Amino acid sequence: MKIRCEGCRASFSIPDDKLPPGKAVRVACPRCQNAIVVKNSKQPEGTSFEEPSLVPDHDDLEEDLFLDTLHEGGMTALICTAEPQRAERLGQLLSELGFRAIAEPDPDRAVRRLRHGGYELVVLEEPAGPEDRAHVLVGFVKNLPMAQRRESFFCLITDRERSMDSFAAFRQQVDLIIHPADLEKAKVLLEREMKSRKKFYRMFQEALNERGRL
């Protein structure tokens, strides 16, 4: 479906399979981040046909549809931190690794983003306290099915563990731990660990394929 942003006048397409039939979704314009609400033209069985339309918020509004992950080529990283300066610096470091970095300070929106998928790297922060909504995001990641977890590399920023502590990473159910004091080393640490993980899963897959031939 083709839609146009009323904010920057940019036109872009949304894959039909991203739009639930007969429901409205809130779309973030990839260029200016203006919120657009669009309704799918397809209706569930037993309902009448309705043309595609831009509609205001109402009761049948589905969760946000994040189009900033829909781009050709390259890798996408999701940075989940409430600290703007940290998010900006991490974005700069990740861009040097070839990532298109997207900052999401809202833990609940970050969960919805992960449900949509499309992130090769996800950077999380350990919750600051029991009232911190980051608990929702961290808990969601820990409960992801293993098949889905393998699609992304998860990095946790915490001041309670040492950077590169593999046992701590195992306990926290992430791929890498980075202490805040080592953020400037994030580029080197991530590059090293992501290469190591890729090599491990390649060998793992080869072993599975070999066993299947026996």
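Every number in this text was worked out from the coordinates using simple rules, so none of it is lab data. The model shown is predicted, which means the values in this text are computed figures rather than measured ones. Neighbour counts are summed over all protein chains in view; Cβ atoms, including those assigned to glycine, are modelled from backbone coordinates with ideal geometry.
Worth a mention:
- Cβ-to-Cβ counts within 10 Å put Ser13, Ser163 in ascending order as Ser13, Ser163, the fewest first.
- Per-residue Cβ neighbour counts within 10 Å put Phe153, Phe140 in the sequence Phe140, Phe153, beginning with the fewest.
- Going by neighbour counts of Cβ atoms within 10 Å, the residues Glu184, Glu191 line up, fewest first, as Glu184, Glu191.
- Shape parameters for segment 91-197, alpha-carbon atoms, Rg then Dmax in Å: 13.0, 36
- Backbone HN-Hα couplings from phi across segment 102-114 [Karplus 6.51/-1.76/1.60, Hz, Gly and Pro as x]: 10, 8, 9, x, 8, x, 5, 5, 4, 4, 5, 4, 5
- Averaging the sequence gap over all C-alpha pairs within less than 8 Å and six or more residues apart, then dividing by the number of residues, gives segment 71-203 a relative contact order of 20 percent.
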